[in-house]
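Attaching a single structure in structure tokens format; questions to follow.
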Amino acid sequence: MASAPTESGAKARTRRAILEAAVEVLTTDPAASLADIAGAAGVGRTTVHRYFPERADLVSALSCAAVEQIAEATERARIAEGTGIEAIERACQEYFDLGSMLTLVFNDPQQYVGAEWDTCTPADTAFLETVERGHEDGSIDSRLTPLWVQNLLWSLLYSAWQYVQEAQVSRHHALDMCLYSVRKALRP
């Protein structure tokens with residue numbers, strides 16, 4: 001009985017390693033094979049197939065993982081605290097660390113945006129309510145609808161992630177540029 005939690009932990013770590021490797025490999029080569037992903041994860045191809053029998057299973061797991069990571073980042077950002085703009089800036093900082101995963105999703109939404117993206121998640125609701133709070137406290141221009149602000153933030157984050165790759169600048173510099181743009185775009 002004592003070995004069950006260890007086995008579950010090992011299985012969870014292996015699954016996580018496969019998903020992390022898949023993000024890195026598929027971001028640079030969307031046509032990469034499961035064998036390529038297995039190599040990057042440091043496991044055999046049969047191990048990848050044990051966890052994800054078909055490529056579609058891996059894609060679905062990546063999509064679910066992205067939604068979960070956004071929810072966790074939103075929670076870490078403590079968006080219920082402070083003014084609306086302060087909360088949005090914290091969310092931006094947390095979301096910035098999801099760059100590889102979200103770049104993968106945004107670059108091929110037909111493949112990675114499944115049913116879990118079709119509904120307004122609790123993270124989406126919290127974000128949209130934060131924008132409304134920003135309207136009320138005067139820190140976010142009330143002409144900007146919550147959905148517009150959410151889409152703007154994703155666009156700025158994507159631009160920052162691309163800027164790191166294309167201009168070979170530091171992540172810190174790109175995040176500073178992104179936060180500066182958020183402040184300038186949202187303030188009344």
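Kindly provide the set of residues from the stretch 130-188 that are within 18 Å of Ala80 (Cα to Cα) and among the acidic types (Asp, Glu), ordered by number.
Glu132, Glu136, Asp137
Taking His135, is it touching a Ser or Thr at 6+ places or on another chain (Cβ under 6 Å) and farther than 21 Å from Glu20 by Cβ?
Yes: the conditions hold for His135.
Between a residue in the stretch 147-171 that is over 12 Å from Ile88 (Cα atoms) and any residue that is not in a helix (DSSP H, G or I), which pairs come within a Cβ distance under 7 Å, given they are 6 or more apart or on different chains?
Correct list of pairs: Tyr163/Val169.
Among (1) under 28 Å from Cys64 (Cβ atoms); (2) of a type in the set (A, V, I, L, M); (3) modelled with pLDDT of 95 or more, where does Leu144 come up short?
(1)
Any residue at all in the stretch 173-184 that's buried (at least 19 other Cβ atoms within 10 Å of the Cβ), assigned by TED's automatic domain parsing to the domain that holds Glu72, among the β-branched types (Val, Ile, Thr) and within 30 Å of Ala21 (Cα to Cα)?
Taking every residue of the stretch 173-184 in turn, none turns out to be buried (at least 19 other Cβ atoms within 10 Å of the Cβ), assigned by TED's automatic domain parsing to the domain that holds Glu72, among the β-branched types (Val, Ile, Thr) and within 30 Å of Ala21 (Cα to Cα).
Here's the yes/no breakdown for (1) in a helix (DSSP H, G or I); (2) over 21 Å from Gln111 (Cβ atoms); (3) at pLDDT 90 or above:
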position	(1), (2), (3)
Met1	no, yes, no
Ser8	yes, yes, no
Ile18	yes, no, yes
Arg50	yes, yes, yes
Ser63	yes, no, no
Ala80	no, yes, yes
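A quick yes/no check of all residues on (1) under 18 Å from Cys178 (Cα atoms); (2) out of contact with any Leu (no Cβ under 7 Å at 6 or more places or on another chain); (3) buried (at least 16 other Cβ atoms within 10 Å of the Cβ):
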site: Glu54; (1), (2), (3): no, yes, no
site: Val59; (1), (2), (3): no, yes, yes
site: Ala66; (1), (2), (3): no, no, yes
site: Ala73; (1), (2), (3): yes, no, yes
site: Glu81; (1), (2), (3): no, yes, no
site: Ala87; (1), (2), (3): yes, yes, yes
site: Arg90; (1), (2), (3): yes, yes, yes
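A further question on this structure: Considering only residues that are among the small types (Gly, Ala, Ser) and free of Cβ contacts under 8 Å to residues at least 40 places away in the same chain, which ones fall in the stretch 92-141? Break it down stepwise before answering.
As a first pass, look at the stretch 92-141 and keep what is among the small types (Gly, Ala, Ser): 99-100, 114-115, 123, 126, 134, 138-139.
Correct list: Ala115 only.
The values are calculated or read from the model by the stated rules, or taken from the named source; none is laboratory data. Computed from a prediction, not measured in an experiment: that's the story for all the values here. Reconstructed Cβ throughout: ideal geometry from the backbone, glycine too, with neighbour counts over all protein chains shown.
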